[in-house]
Amino acid sequence: MTPFRNIRAVLFDLDGTLIDSAPDLGAAADKMRTDRGLPSLPLERYRPMAGAGARGMLGEAFGITPDHPEFGVLRDEFFANYQACMTLRTRVFEGVEELVRRLTQNQLAWGVVTNKSARFTDPLTRALPLFASAGAVVSGDTTPHSKPHPAPLIEAAARLGIAPEHCIYVGDDERDIVAGLAANMGTVAATYGYLGSESNAREWGAHAEINFPLDLLQLLNLA
């Protein structure tokens, strides 16, 4: 791996990169099935679609897409279910706490840029001790545009007081890499996250890939 150089901050996607929220997202969607008398689906069905939020969960639970006439109503029900359970089963991925500790030890700022709305991001990050040291948390509705638009990443860099070219962005979805490249940041694909069965991270154009959170230290020459 070739280390990035002159990096002063690391920005991360949230779901599928820092935290495993698939159990709570899946439970919120599955409750909608069981409430309607449909059989429960195993978490393994929901996990690959967790990075797609309501669209992915409802697609798996009911086989519908956002253009379905009932999608909006079902999405609101899903959001209510998720808000009620979103801290019950969600955990930080193995290696992430150590990674953040090493970043802060080496005076690297860090933050979060997610497409999750602040309605969920704020209470979730408050509930997990990991995020106490985050210098910026930017949600999907913080700026007028969400990823793959670069605006949220540029906003996070501004909050940290660091130029985008001195930041890298780590995410487990193609839109993360598209946004990072558009923001003039170094980009890292996290292949341990919620990659769907049709995804091939090597086609995203990221500067690097990691298969485990602590692999990032090698890219930053901190290993």
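Looking at this structure, is Met49 without any contact (Cβ under 8 Å) to a residue 60 or more places away in the chain, among the hydrophobic types (A, V, I, L, M, F, W, C) and outside the structural domain of Leu14 (by TED's automatic domain parsing)?
On the way: without any contact (Cβ under 8 Å) to a residue 60 or more places away in the chain: no; among the hydrophobic types (A, V, I, L, M, F, W, C): yes; outside the structural domain of Leu14 (by TED's automatic domain parsing): yes.
Criteria not met by Met49.
Just the residues that are in contact with a Phe, Trp or Tyr (Cβ under 7 Å, 6 or more places away or on another chain) and within 21 Å of His145 (Cβ to Cβ), please, taken from region 187-214.
Once the filter is applied, which keeps residues that are in contact with a Phe, Trp or Tyr (Cβ under 7 Å, 6 or more places away or on another chain) and within 21 Å of His145 (Cβ to Cβ), region 187-214 yields only Thr187.
Any idea which of (1) surrounded by fewer than 18 Cβ atoms within 10 Å (Cβ to Cβ); (2) part of a helix (DSSP H, G or I); (3) not β-branched (Val, Ile, Thr) is the one Phe131 doesn't satisfy?
(1)
Would a scan of region 162-172 turn up a residue that is of a type in the set (A, V, I, L, M), more than 21 Å from Asn6 (Cβ to Cβ) and assigned by TED's automatic domain parsing to the domain that holds Glu94? It would help to see each step written out before you state the result.
Looking only at region 162-172, we keep the residues that are of a type in the set (A, V, I, L, M), and these are 162-163, 168, 170.
Subsequent filtering for residues that are more than 21 Å from Asn6 (Cβ to Cβ) retains none.
No.
Of the residues that make up region 100-107, is at least one of a type outside the set (Phe, Trp, Tyr), within 13 Å of the chain's Cα centre (by Cα) and within 20 Å of Ser139 (Cβ to Cβ)?
If we filter region 100-107 for residues that are of a type outside the set (Phe, Trp, Tyr), which is where we start, we get 100-107.
In the following step, the residues that additionally are within 13 Å of the chain's Cα centre (by Cα) were identified as none.
Checked region 100-107: no residue is of a type outside the set (Phe, Trp, Tyr), within 13 Å of the chain's Cα centre (by Cα) and within 20 Å of Ser139 (Cβ to Cβ).
Residues of region 180-223 being touching a strand residue (DSSP E or B) at 6+ places or on another chain (Cβ under 7 Å), aliphatic (A, V, I, L, M) and touching a residue at least 40 places away in the same chain (Cβ under 8 Å), which ones?
Correct list: Met185, Ala190, Ala208, Ile210, Leu216, Leu219.
Could you say which residue among Thr104, Thr65, Thr34 is without any contact (Cβ under 8 Å) to a residue 24 or more places away in the chain, among the polar types (S, T, N, Q) and not in a loop (DSSP other than H, G, I, E, B)? Explain how you work it out, then say what you get.
Numbers: Thr104 fails: without any contact (Cβ under 8 Å) to a residue 24 or more places away in the chain; Thr65 fails: not in a loop (DSSP other than H, G, I, E, B).
Residue meeting the stated conditions: Thr34.
Can you tell me which of Gly95, Gly63 is of a type outside the set (Val, Ile, Thr), in the same structural domain as Thr121 (by TED's automatic domain parsing) and modelled with pLDDT of 95 or more?
Details: Gly63 fails: in the same structural domain as Thr121 (by TED's automatic domain parsing).
Going through Gly95, Gly63 in turn, just one is of a type outside the set (Val, Ile, Thr), in the same structural domain as Thr121 (by TED's automatic domain parsing) and modelled with pLDDT of 95 or more: Gly95.
Filter region 80-98 down to the residues that are within 14 Å of Pro123 (Cα to Cα), outside any helix (DSSP H, G or I) and more than 15 Å from the chain's Cα centre (by Cα) and list them by number.
Listed by number, the residues that qualify are Thr87, Leu88.
Is at least one residue of region 112-122 more than 25 Å from Pro48 (Cα to Cα) and not in a loop (DSSP other than H, G, I, E, B)?
Our first condition is that a residue be more than 25 Å from Pro48 (Cα to Cα); within region 112-122, this holds for none.
Within region 112-122, not a single residue is more than 25 Å from Pro48 (Cα to Cα) and not in a loop (DSSP other than H, G, I, E, B).
Among the residues of region 155-188, which ones are surrounded by fewer than 19 Cβ atoms within 10 Å (Cβ to Cβ) and not in a helix (DSSP H, G or I)?
Gly161, Ala163, Asn184
The values are calculated or read from the model by the stated rules, or taken from the named source; none is laboratory data. Just so you know, these numbers come straight off a predicted model, no measurement behind them. Neighbour counts are summed over all protein chains in view; Cβ atoms, including those assigned to glycine, are modelled from backbone coordinates with ideal geometry.
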